[in-house]
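What follows is a single structure, written as structure tokens, with notes after it.
The values are calculated or read from the model by the stated rules, or taken from the named source; none is laboratory data. No experiment lies behind these values; they were computed from the predicted model shown. Don't worry about glycine lacking a Cβ; one is built from the backbone with ideal geometry, like all the others, and counts go over all protein chains shown. For the accessible areas, the whole protein counts, side chains as well, though only heavy atoms, and no ligand, DNA or RNA atoms are used. Shrake-Rupley method; radii C 1.70, N 1.55, O 1.52, S 1.80 Å.
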Amino acid sequence: MASTLEKFIHSLDLRALPRVLQIQSGFYCQGSVYEMFGNECSLSTEEVIKVIGFKINKLIASICENNEVSQFSDKVELPLNFPGLYKIVADKTPYVSIEEIARKVSIGPTRFGHPSFYSTKDIKLANFTIKHDEQITFNAVEEVHGMMAVSCVVVRNNQSHSFTLPLSQEGEFYECEDDQIYTLKEIAEWKIPKCRNRIVKLSNTLHMWDSSSPLPENFDGSLVLMPVYEVQAVMKSRKDIVHILSDLDVEVKDVTDCYDISSFIQPLSLEDIFERTSKEFPMVAEIMEGPSESQKPYNLLSTGKEIVIYKKYQAARVLASEMRSDPSKRHYLIPMSYKGKFKRRPREFPTAYDLGIARSEKEHLHVVATKAFTSPHKELFSVSVGDQFLVQQCQTSEVLYEGRKKLIDVLACEQILSDSYKKVLLPMYMEGGFVEVIHDKKQYHLSEICKEFHLPFNVKVSVRDLSIEKDVLAAAPALQFEEEITDSYLLISSASSPLESWEIPVYRSNMLVHLLSKDVQTVVPPVTRTTVEEVSEEEYYMLRRYENLTLHPPPRPPKKPA
């Protein structure tokens, strides 16, 4: 039975992909030619295409008031890279079964793919009862004893309880409130259910407003997002990927059951390649769709080029940011193989607690106070601007508070006087300001800094990496190493001239390849070139958002009444 392409997408379960479609009829740009992102293809009647995926291409947004679209609101088109961070407003429309949730909501292995719902009634399982209004986190769709089910978790009294819910489970399920923040791209990929719109509230902007923005100046309200999908398809006559927007006026028919789907090329994402077993590497592949980045090594990964993928692995990177006060500062992921050297730059510390974290057994941390602090306790030291200290250790001290003796956390320091040292105690809650005094003139490799010092850590490149054609870090006035992360990479080289290999990040490289049945000429990869990866502001926020949470300083007690 024929249907419009848009209706087909709305009715399609992602788990049923790929599907083979036959073009029935329609009106095409320039007759029978359709062009999208430079991919021009003929969609003739009876043409057969294999749909390998679909994703949201853009969003149509309307300004929302009281969770309803304003009747005076114009619709504006927002690209997925539109700046800003957004909070999701929970959908007020219920789902009637677990099957409907699994079909319409993205559930997957990444941190974005774990939506939460609650049931309006108790659900009794064999050895567990889910209480009404209790938050249920959905982790994966899997087969259990021959039946499809969703693996779930409920946290009760700080203990996790795991169980499965069959897709046949009926009820009234509502989406839980989500206090996380997302970019528009993340919302489009994971947080818009099929056949539904999504209301979001602007959390904060990442760029200054300008006249080209489709949203009003100083807008901080809510938006209703309506998705326009893009179909990714393979044609028998082509080796690249065809992109077709869902609102194209064309009718299609699903002929998967009566067609040999293996006769089409099988495109694979880098995530698909990474999921393969280590024994399957190395492998030769042809790029069907290359990344959009223009710098090395991405400019070598053009469509049609053959590459060798040697292995998959996890590798450490240091997330660093330029130390600038303006919003144009850049962010980088630096590999441990970086051969340049760094000199230390002074760090700034807002509290005594931060001094305690940064102190090192290797050397005494020397700081100068930039802000005065008057201690409410006579047992503790009052700080003046310009006072200098050597940080010693964290300990507890007894103070008199409201007529009672009380133990509090303090930082033991030595105040540097003109010709002597004085032992003093600073309360951990002290809100002041300190700047580090650097005596160390040594030049450090990246691995040495990570081993010997606590991050964050301020540096400047003193010797650039000569193995890199253009060392972008050397041009930065100063850098702050913020944290060490681990990420997934593939090691690749050109198949025709394997003189050097490159590490390609799996989750930040938008590429599609298909595997070739060719033998790898050399199993040992050529020398790996060091690449400092610049990450966008949205990628930076995503990386920082999931860092390990550190403890906060203890609260300051109230001052005594005058």
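Figures for the structure shown
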read-out: Carbon/sulfur fraction of accessible area - region 79-219, other protein chains in place, 1.4 Å, %; value: 49 percent
read-out: Dipole magnitude (debye, nearest 20) for region 332-432, charges at Cβ of Lys, Arg, Asp, Glu; value: 460 debye
read-out: In order through region 114-123: 3J(HN,Hα) via Karplus (6.51 cos²θ - 1.76 cosθ + 1.60), integer Hz, x for Gly, Pro; value: 10, x, 10, 9, 9, 9, 7, 10, 4, 10
read-out: Karplus (6.51, -1.76, 1.60) ³J(HN,Hα), θ = phi - 60°, over region 340-353, in Hz, Gly and Pro reported as x; value: x, 10, 10, 10, 6, 10, x, 9, 10, 10, x, 9, 5, 4
read-out: Where Rh is the Kirkwood radius over Cα pairs, Rg/Rh for the chain; value: 1.03
read-out: Amide H contacts under 5 Å for LYS371, placed H, 5+ residues apart; value: GLY386, GLY433
read-out: Theoretical FRET efficiency, 1/(1+(r/R0)^6), r = Cβ-Cβ of LYS451 and ASP13, R0 56 Å, to 0.05; value: 0.70
read-out: Anisotropy class of region 79-219 from Cα gyration tensor, a/c 1.5 cut; value: prolate
read-out: Amide H contacts of SER501 (H built 1.01 Å from N, under 5 Å, at least 5 apart or other chain); value: VAL527, THR528, ARG529
read-out: Solvent-accessible area per residue, Å², over region 171-271 with all protein chains present [probe radius 1.4 Å]; value: 47 Å²
read-out: Contact order relative to length of the chain, as percent, for alpha carbon pairs under 8 angstrom and 6 or more apart; value: 15 percent
read-out: Positive-pole candidate from PRO18, ALA61, SER321, dipole of the chain, charges at beta carbon; value: SER321
read-out: Integer Hz, Karplus 6.51/-1.76/1.60 couplings in order for region 174-190, x for Gly and Pro; value: 10, 5, 7, 5, 10, 8, 7, 10, 9, 7, 4, 4, 5, 5, 5, 7, 10
read-out: Carbon plus sulfur fraction of accessible area for region 381-538, probe 1.4 Å, in percent; value: 50 percent
read-out: Mean-position separation - Cα centroids, region 75-89 and region 263-323, in angstrom; value: 28 Å
read-out: Gain in span if fully extended, SER262 to LYS305, counting 0.36 nm per residue against the direct Cα distance; value: 13.2 nm
read-out: Surface share of carbon and sulfur [accessible, 1.4 angstrom probe, percent] for region 259-308; value: 48 percent
read-out: Solvent exposure ordering (accessible area, 1.4 Å, most first) of LYS50, LYS451, LYS343; value: LYS451, LYS343, LYS50
read-out: Rounded to the nearest 20 debye, dipole of the chain from Cβ charges on Lys, Arg, Asp, Glu; value: 1880 debye
read-out: Where region 348-436 is the region considered: accessible area per residue in Å², 1.4 Å probe; value: 54 Å²
read-out: ASP122 accessible area, 1.4 Å probe, all protein chains in place, Å² to nearest 10; value: 90 Å²
read-out: 5 angstrom amide H check on LEU490, placed H, neighbours 5+ away; value: ILE504, VAL506
read-out: Relative contact order, percent, region 348-436 [alpha-carbon distance under 8 Å, six or more residues apart]; value: 38 percent
read-out: Cα centroid separation, region 120-195 to region 383-431 (Å); value: 50 Å
read-out: Sum of side-chain charges, SER488 neighbourhood, beta-carbon under 15 Å (Lys, Arg +1; Asp, Glu -1); value: -1
read-out: Ranked order, ASP387, ASP260 - accessible area, probe 1.4 Å, largest first; value: ASP260, ASP387
read-out: Region 79-219: relative contact order as a whole-number percent, Cα under 8 Å and 6+ apart; value: 38 percent
read-out: Neighbourhood charge, 9 Å Cβ-Cβ cut-off, centred on ARG103 and excluding it, Lys, Arg +1 and Asp, Glu -1; value: 0
